[in-house]
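As structure tokens, the structure follows; a few thoughts come after it.
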Amino acid sequence: MTTKSEGILVSYGKYVYRHVPGWGKLPDGWEWNHAVGVGIDSKERIYVYNRSAHPMMVFDTEGNLLNHWGEGLFKSAHMVSVGPDDTLYTTDIGNHTVRRWTPEGELLLTLGTPDKPARRMSGRPFNQPTHAVVGRDGNIYITDGYGNARVHIFSPEGAHLHSFGEPGTGPGQFRSPHCVYIDPSEQLYVVDRENYRIQVFTKEGRYIREFHGVHRPDHIWPGDDGDLIVTELGFRAGAAPDGPPQNPLVHPAGIKFMTPTGQWVGGWGMGTDTPGDILAGHMAVTDKKGNLYVGETLIGARMQKFERVR
């Protein structure tokens with residue numbers, strides 16, 4: 001594994017990448033500010049959902065700014081996903097909503113009542129929802145979140161269909177459900193961040209299994225051969241005082257490549273703000289060439305691109 005300087009290789013096993021220095025050309029006076037959400041659409045436009053004055057920045061794969069929108073519309077950006085029709089789903093932990101947008105920023109749907117959260121840990125939508133994704137059935141699957149311990153399922157039109165989960169550490173229980181990934185067989189992988197694990201369910205919410213070996217995981221994206229790309233917040237950035245014991249032999253933060261059963265097959269990250277390293281990874285996506293785009297939170301809160309080396 002190497003993480004030395006700008007432009008060099010960061011690698012482990014078959015997952016070899018070259019860091020692209022300075023990706024994402026920002027106008028003068030703009031900045032990365034908690035690049036917590038990263039999405040990519042069918043035209044390979046990269047959406048960076050962040051907490052700056054320009055909350056949705058749109059780039060091409062070379063890092064040229066194509067568009068921006070959302071100024072004044074978000075309280076605290078969290079995550080973004082792109083649906084099969086290229087509409088965007090955003091979560092806002094500041095106003096407790098999930099919203100659907102056109103790629104140009106036209107609002108299509110709002111789930112939740114802005115600034116009126118459900119009672120904390122009540123199980124009702126929403127209290128700081130963290131992530132929303134569209135399933136093959138068209139339904140919207142939402143992790144909720146920082147102030148709840150639930151996964152909610154909504155129809156494409158926005159009707160609440162079903163919820164599952166409760167606070168705790170046992171099977172089917174959550175401490176900060178942070179992201180949901182739907183695999184090709186329609187199993188749900190729910191990132192249970194403060195329990196340091198990933199749980200797997202049927203799409204109806206029946207518990208199947210879980211795996212560990214992750215340090216405060218944030219997001220899952222599909223990799224090669226059914227592998228999973230997992231971003232980690234790590235233990236150097238405000239780990240919960242009552243969380244599981246830390247293992248210094250495991251990467252403190254960064255990117256992990258794992259099998260669907262939790263075997264580690266690659267990754268890097270030592271939790272520093274050195275270009276090419278990963279500090280508090282929050283979301284990651286890949287383009288059609290396998291290039292990796294990583295958004296980070298906390299110190300630096302930057303966007304980075306890594307070109308795949310085959």
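Observations on the structure shown:
- Structure remark: mean-square fluctuation, Gaussian network model of the chain, C-alpha springs under 10 Å; the largest value among Leu228, Leu161, Leu109 belongs to Leu161.
- Choice from Arg51, Arg209, Arg175 with maximal GNM fluctuation in the chain (Cα, 10 Å cutoff): Arg209
- Loop-located GluC sites (Glu not before Pro) in the range 105-210 whose Cβ has at most 13 other Cβ within 10 Å (DSSP): Glu106, Glu157, Glu186, Glu204
- Put the Cα centre of the range 275-310 next to the Cα centre of the range 55-110 and the gap is 18 Å.
- Rounded FRET efficiency, nearest 0.05, which uses the C-beta distance separating Leu161 from Arg209 and R0 of 25 Å: 0.55
- Translational diffusion of the range 87-173, µm² s⁻¹ [Kirkwood Rh, Cα pairs; Stokes-Einstein; 37 °C; 0.692 mPa s]: 254
- Take the convex hull of the alpha carbons in the chain; its mean projected area over all directions comes to 14.3 nm².
- Dipole-positive endmost among His96, Asn50, Gln173 within the chain (Cβ charges, Cα centre): Gln173
- Highest mobility in the GNM of the chain, judged by mean-square fluctuation with C-alpha springs under 10 Å and restricted to Pro171, Pro27, Pro117, is found for Pro27.
- DSSP bridge orientation in the chain - percent antiparallel, rounded to nearest 5: 95
- 25 Å Cα-Cα threshold exceeded, pairs from Lys43/Lys305; Lys256/Lys305; Lys203/Lys288; Lys14/Lys203; Lys75/Lys116; Lys25/Lys256: Lys203/Lys288; Lys14/Lys203; Lys25/Lys256
- Listed residues Pro156, Gly112, Gln128: farthest to the positive end of the dipole of the range 9-308 (Cβ charges): Gln128
A short reminder: the numbers here are calculations on the coordinates, not readings from a lab. These numbers were taken from a predicted model, which means no experiment stands behind them. For neighbour counting, all protein chains shown are included, and Cβ atoms are generated from backbone atoms with ideal geometry for every residue, glycine included.
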